Ligand code: BG6
């Protein structure tokens with residue numbers, strides 16, 4: 001790293017899923033790319049009584065699976081040199097003297113603390129660091145937190161107050177790893193670096209927007225967390241609303257974080273359709289049941305999930321924006337676990353032309369597809385003349401596949417890798433502001449209140465399918481259909497669905 005200060009990066013919750021799956025591989029990648037200074041220290045705090053060697057041994061299979069470069073012994077040895085495991089109960093303020101001693105021997109000039117723990121520990125860890133005098137010195141202290149930033153609007157506000165009091169707003173980095181994804185960053189480039197797109201990005205030209213993040217995985221071993229959160233909090237409120245705000249925001253004054261966030265917040269504040277009165281019409285929630293072939297078990301049979309759980313594993317929404325630029329344009333959003341396909345993408349449907357020169361030939365609607373994963377790219381479907389005599393038309397496409405090229409894959413940092421790197425360099429452009437978080441909690445709160453009043457039904461869907469029929473009916477009401485990742489339209493009635 002170009003940064004000359006000695007950095008120590010402390011992970012609280014270092015024996016958890018997030019650390020093994022995402023954070024350690026990201027640090028391996030950073031080490032591989034020479035982004036970590038020789039004297040950089042990765043301090044992994046955990047209650048389990050491991051030595052550093054034992055900890056690394058446990059982490060090894062995760063690293064082998066998660067790193068994006070070929071795993072080599074040489075690169076692993078270089079990475080290992082940075083890691084120290086510290087046995088400590090982070091929920092006991094008395095034990096922070098252990099950390100303090102470690103820090104005194106390390107003598108870093110920049111500290112980062114990653115709270116890879118449940119939100120109820122955020123304030124405790126922050127206060128314990130402060131009370132142990134660890135934050136007293138003049139070195140930099142930044143804290144990185146992951147969603148959920150609380151369990152409801154009120155707790156989120158309280159946590160935020162404490163964190164900003166202790167660290168200062170400028171030092172609180174709220175991570176949304178979707179912002180680290182290459183194609184999500186590309187949305188702004190696509191929109192604002194191309195006159196062709198910028199000039200048609202409004203209600204006069206756009207007919208609808210669909211944002212989908214469908215997953216094939218179930219809740220895996222994250223039952224206790226997921227059963228509290230559900231699909232809305234886990235995916236929609238943060239990742240998908242981030243995408244929505246990037247798709248719909250006005251051009252920011254500059255590429256500075258402050259200017260971009262201001263425009264994103266404006267979009268979030270303009271969301272309509274999620275009031276208590278509207279929600280029964282605009283929101284569909286679902287939960288997966290066992291697949292017909294018994295390959296997948298029901299959500300309520302998953303480990304550490306309540307047998308009578310009413311948590312949604314699928315959510316589909318129809319929102320609009322109170323913005324003259326977007327009047328009448330529907331934004332359809334959906335996400336779910338144990339669906340047929342893993343795909344995150346945005347589809348922009350363009351309005352048909354007013355002239356009817358080709359009406360008899362029923363031209364297809366022009367579609368722009370932004371592929372976020374598994375492939376990264378941009379795909380445009382339009383109409384062209386069929387070669388030969390006559391004026392028959394056919395659907396054709398132009399395809400830019402960013403990730404098809406192997407070199408691109410090697411050059412593109414994985415989301416966590418990029419975000420950790422940026423946090424260490426003090427660049428918070430790709431992190432979320434409190435106002436963004438607070439605005440989305442307000443919607444979550446309305447939905448949760450409506451659910452508690454029994455206003456929202458939970459629709460079952462068999463694991464491995466495309467979600468509940470009700471999600472398709474949500475679009476059918478508007479004479480539209482969900483568009484899948486291959487750009488074909490879902491059929492009207494999904495025959496393989498139960499009539500829920
Ligand atoms: C996380 C959610 O934030 O994002 C997970 O907690 C979800 O439930 C994951 O699986 C999806 O991330 P990605 O990068 O695989 O799309």
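Kindly indicate the residue of the stretch 1-32 that is over 22 Å from the mean Cα position of the chain (by Cα) and within 11 Å of residue 79 (Cβ to Cβ) and also modelled with the highest pLDDT among those meeting that condition.
Residue satisfying both the conditions and the ranking: 31.
Could you check how many residues of the stretch 37-59 are under 17 Å from residue 107 (Cβ atoms) and under 27 Å from the mean Cα position of the chain (by Cα)? Please lay out each step first, then the result.
In the first step, residues of the stretch 37-59 are kept if they are under 17 Å from residue 107 (Cβ atoms); the result is 37-43.
Restricting the remaining residues to those that are under 27 Å from the mean Cα position of the chain (by Cα) gives 42-43.
So the count comes out to 2.
Could you grab the pairs with beta carbons closer than 9 Å, sequence gap of 6+ or different chains, first residue in the stretch 363-375 and closer than 13 Å to residue 348 by Cα, second one within 13 Å of the ligand (Cβ to nearest atom) and part of a strand (DSSP E or B)?
Taking only residues 6 or more apart or on different chains, the pairs are 369/345; 370/345; 371/343; 371/344; 371/345.
Sort through 211, 184 and tell me the only one that's within 16 Å of the ligand (Cβ to nearest atom), closer than 20 Å to residue 237 by Cα and in a helix (DSSP H, G or I).
Within the list 211, 184, the selection yields 184.
Of the residues that sit in the stretch 306-323 and are free of Cβ contacts under 8 Å to residues at least 60 places away in the same chain and assigned to a loop (DSSP other than H, G, I, E, B), which one is farthest from the ligand (Cβ to nearest atom)?
322
Tell me which strands (runs of 3 or more DSSP E) are completely within the stretch 74-157 and hold 1 or more residues being touching a residue at least 60 places away in the same chain (Cβ under 8 Å) and within 16 Å of the ligand (Cβ to nearest atom), or say none if there are none.
Passing ranges, in order: 110-115, 140-146.
Of everything in the stretch 51-66 that's at pLDDT 95 or above and in contact with a helix residue (DSSP H, G or I) (Cβ under 7 Å, 6 or more places away or on another chain), which residue is surrounded by the fewest Cβ atoms within 10 Å (Cβ to Cβ)?
Ranking the qualifying residues of the stretch 51-66, first place goes to 56.
Counting only residues that are at pLDDT 95 or above, farther than 30 Å from residue 23 by Cβ and not in a loop (DSSP other than H, G, I, E, B), how many does the stretch 187-204 have?
2
Give the number of residues within the stretch 340-366 that are in contact with a strand residue (DSSP E or B) (Cβ under 7 Å, 6 or more places away or on another chain) and within 17 Å of residue 488 (Cα to Cα).
15
If you take just the strands (runs of 3 or more DSSP E) that sit entirely in the stretch 324-415, which of them hold at least 2 residues that are within 16 Å of the ligand (Cβ to nearest atom)?
Answer list for the stretch 324-415: 331-336, 343-350, 367-373.
In the stretch 291-309, which residues are more than 23 Å from residue 482 (Cβ to Cβ) and out of contact with any helix residue (DSSP H, G or I) (no Cβ under 8 Å at 6 or more places or on another chain)?
Within the stretch 291-309, 293, 294, 295, 297, 298, 300, 301 qualify.
Does the stretch 215-250 hold any residues that are outside any helix (DSSP H, G or I), away from the ligand (no atom under 16 Å from the Cβ) and in contact (Cβ under 8 Å) with a residue 60 or more places away in the chain, and which are they?
The one that is outside any helix (DSSP H, G or I), away from the ligand (no atom under 16 Å from the Cβ) and in contact (Cβ under 8 Å) with a residue 60 or more places away in the chain: 250.
The values are calculated or read from the model by the stated rules, or taken from the named source; none is laboratory data. Computed from a prediction, not measured in an experiment: that's the story for all the values here. Because the Cβ atoms are built from the backbone with ideal geometry, glycine has one as well, and the counts that use them run over all protein chains shown.
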